[in-house]
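Enquirer: Below is a structure I'd like to ask you about.
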């Protein structure tokens with residue numbers, strides 16, 4: 001009878017794909033009508049605002065999963081990295097995983113901008129599967145150790161966040177007062193790279209993350225700002241490494257790198273250390289702060305889930321708290337797509353009706369957001385559920401180039417938010433201040449909350 005159960009499961013999932021797609025179509029039609037008859041701005045800007053938000057993105061991907069799961073456009077969407085002007089968008093989970101697992105067919109594109117940041121050298125995030133990639137990632141795994149997370153990283157974050165929240169007088173601007181300071185403090189306490197100031201390290205890492213991953217249109221103003229930030233970052237890091245070499249080694253990431261350099265391990269010259277640390281820091285501070293605020297904002301929009309998360313924080317139920325935080329991020333991940341470039345002529349979904357031929361140098365956008373809502377693979381995807389296995393989540397990429405600090409993120413985000421969520425009667429501040437303000441950047445810069453003291 002197992003075959004009958006399997007058949008019924010397949011039919012049910014296909015039915016859910018149909019329902020999800022038709023619901024998305026109706027929602028998008030309503031959004032279009034609202035844009036036509038709405039007020040303020042142009043029709044295009046109103047429609048862009050509607051479908052550009054998290055819910056709008058989910059609806060667009062829901063429609064594509066049903067009608068055009070692998071959409072190929074003869075349109076250049078990304079200007080910041082070389083490509084042939086063709087863009088493919090993959091939305092089914094199976095295809096997203098396939099694309100991100102085939103490094104020889106779909107390569108990372110970041111090398112040119114990585115080389116600008118370091119003044120000539122690539123960083124392993126921008127490398128293909130080469131001996132150099134293996135050497136550099138292996139070296140950094142030796143200094144950024146998994147057992148550091150429960151022993152060093154999480155205790156620091158928990159203590160720092162609790163201290164900040166305890167001093168807050170019933171109101172807090174979460175990014176400025178909590179998440180950015182804690183993430184910046186981790187750079188000092190664990191990585192050994194505090195920057196000349198918290199403001200400077202936050203500005204450098206934020207600008208350079210924006211430049212590497214989000215600036216799809218090659219904005220010349222951002223390019224100029226990123227070049228200055230990169231130059232300042234290099235100058236400070238070189239001087240800091242030289243200063244640390246003269247002092248007794250501390251047991252932090254930089255101290256371990258210096259010890260490996262003194263042992264003359266390949267790939268651990270001072271320049272190599274500088275470049276690898278710059279790459280890691282760019283991925284640490286802005287992503288931790290932004291993801292924490294996106295998860296918090298999503299929870300605030302879901303009263304039942306928010307109340308449950310707050311109860312878990314007050315009860316020291318870290319497993320339940322983490323489940324709420326990461327389910328919230330499933331609905332609002334920092335990056336809804338991961339993009340690659342076709343290294344040769346190839347195909348997506350070979351042998352299936354949705355098969356698409358992909359020409360060499362095409363950009364392929366694999367939507368991790370869509371993959372986490374694919375009813376063919378994810379049970380009950382549109383419901384907020386905290387019993388999902390960890391494998392459900394694709395919050396920081398997939399495959400060889402999954403975020404290097406994914407294990408840090410998994411521990412730090414709940415620990416950073418826990419003291420705040422434990423405050424009595426936590427809620428949004430009145431008016432616009434109680435909503436995320438990105439202040440002209442792609443990242444949350446302000447989110448004002450209040451609580452009873």
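Yes/no matrix, rows are residues, columns are (1) part of a helix (DSSP H, G or I); (2) buried (at least 24 other Cβ atoms within 10 Å of the Cβ):
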position	(1), (2)
266	no, no
271	yes, no
286	yes, yes
292	yes, yes
304	yes, no
308	yes, no
319	yes, no
322	yes, no
330	yes, no
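Enquirer: What do you reckon, is residue 417 in contact (Cβ under 8 Å) with a residue 40 or more places away in the chain, in the same structural domain as residue 183 (by TED's automatic domain parsing), over 28 Å from residue 187 (Cβ atoms) and not in a strand (DSSP E or B)?
Expert: Considered against the rule, which asks whether it is in contact (Cβ under 8 Å) with a residue 40 or more places away in the chain, in the same structural domain as residue 183 (by TED's automatic domain parsing), over 28 Å from residue 187 (Cβ atoms) and not in a strand (DSSP E or B), residue 417 comes out as no.
Enquirer: Is it true that some residue in the range 19-38 is on the phi > 0 side of the Ramachandran plot and over 22 Å from the mean Cα position of the chain (by Cα)?
Expert: no
Enquirer: Still on this structure, please answer the following. Got a number for residues in the range 359-377 being crowded, with 19+ Cβ neighbours inside 10 Å and in contact with a helix residue (DSSP H, G or I) (Cβ under 7 Å, 6 or more places away or on another chain)?
Expert: 11
Enquirer: Inspect all residues belonging to the range 204-212 and state whether any of them is outside any loop (DSSP other than H, G, I, E, B) and either touching a strand residue (DSSP E or B) at 6+ places or on another chain (Cβ under 6 Å) or surrounded by fewer than 18 Cβ atoms within 10 Å (Cβ to Cβ) (or both).
Expert: No, the range 204-212 has no match at all.
Enquirer: State whether the residues of the range 381-393 include one that is in contact with a strand residue (DSSP E or B) (Cβ under 9 Å, 6 or more places away or on another chain), in the same structural domain as residue 310 (by TED's automatic domain parsing), surrounded by fewer than 19 Cβ atoms within 10 Å (Cβ to Cβ) and outside any loop (DSSP other than H, G, I, E, B).
Expert: No, the range 381-393 contains no residue that is in contact with a strand residue (DSSP E or B) (Cβ under 9 Å, 6 or more places away or on another chain), in the same structural domain as residue 310 (by TED's automatic domain parsing), surrounded by fewer than 19 Cβ atoms within 10 Å (Cβ to Cβ) and outside any loop (DSSP other than H, G, I, E, B).
Enquirer: When you go through 264, 245, 250 one by one, which is the residue that is over 27 Å from the mean Cα position of the chain (by Cα), modelled with pLDDT under 95, in the same structural domain as residue 291 (by TED's automatic domain parsing) and at positive phi?
Expert: One residue alone meets the criteria, 264.
Enquirer: Can you spot a residue in the range 418-439 that is surrounded by 15 or more Cβ atoms within 10 Å (Cβ to Cβ) and under 30 Å from residue 75 (Cα atoms)?
Expert: Checked against the condition, which is being surrounded by 15 or more Cβ atoms within 10 Å (Cβ to Cβ) and under 30 Å from residue 75 (Cα atoms), the range 418-439 yields no hits at all.
Enquirer: Among the residues of the range 222-249, what is the count of those that are surrounded by 13 or more Cβ atoms within 10 Å (Cβ to Cβ) and either in contact with a strand residue (DSSP E or B) (Cβ under 8 Å, 6 or more places away or on another chain) or in a loop (DSSP other than H, G, I, E, B) (or both)?
Expert: Summing the residues that are surrounded by 13 or more Cβ atoms within 10 Å (Cβ to Cβ) and either in contact with a strand residue (DSSP E or B) (Cβ under 8 Å, 6 or more places away or on another chain) or in a loop (DSSP other than H, G, I, E, B) (or both) in the range 222-249 gives 1.
Enquirer: Which numbered condition in (1) modelled with pLDDT under 90; (2) touching a helix residue (DSSP H, G or I) at 6+ places or on another chain (Cβ under 9 Å); (3) surrounded by 14 or more Cβ atoms within 10 Å (Cβ to Cβ) is the only one that residue 56 fails?
Expert: The one condition residue 56 does not meet is (1).
Enquirer: Hey, among 295, 350, which residue is at pLDDT 95 or above and assigned by TED's automatic domain parsing to the domain that holds residue 390?
Expert: Values: 350 fails: at pLDDT 95 or above.
From the options 295, 350, the qualifying one is 295.
Results for (1) touching a helix residue (DSSP H, G or I) at 6+ places or on another chain (Cβ under 6 Å); (2) touching a residue at least 40 places away in the same chain (Cβ under 8 Å); (3) over 30 Å from residue 224 (Cα atoms), shown as yes or no for each residue.
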| residue | (1), (2), (3) |
| --- | --- |
| 117 | yes, yes, no |
| 135 | no, yes, yes |
| 138 | no, no, yes |
| 141 | no, no, yes |
| 153 | yes, yes, yes |
| 169 | no, yes, yes |
| 173 | no, yes, no |
| 177 | no, no, no |
| 186 | no, yes, no |
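The values are calculated or read from the model by the stated rules, or taken from the named source; none is laboratory data. Treat the numbers as computed from the prediction; the structure is a model and nothing was measured. Ideal geometry is used to build each Cβ from the backbone, glycine not excepted, and the neighbour counts take in all protein chains shown.
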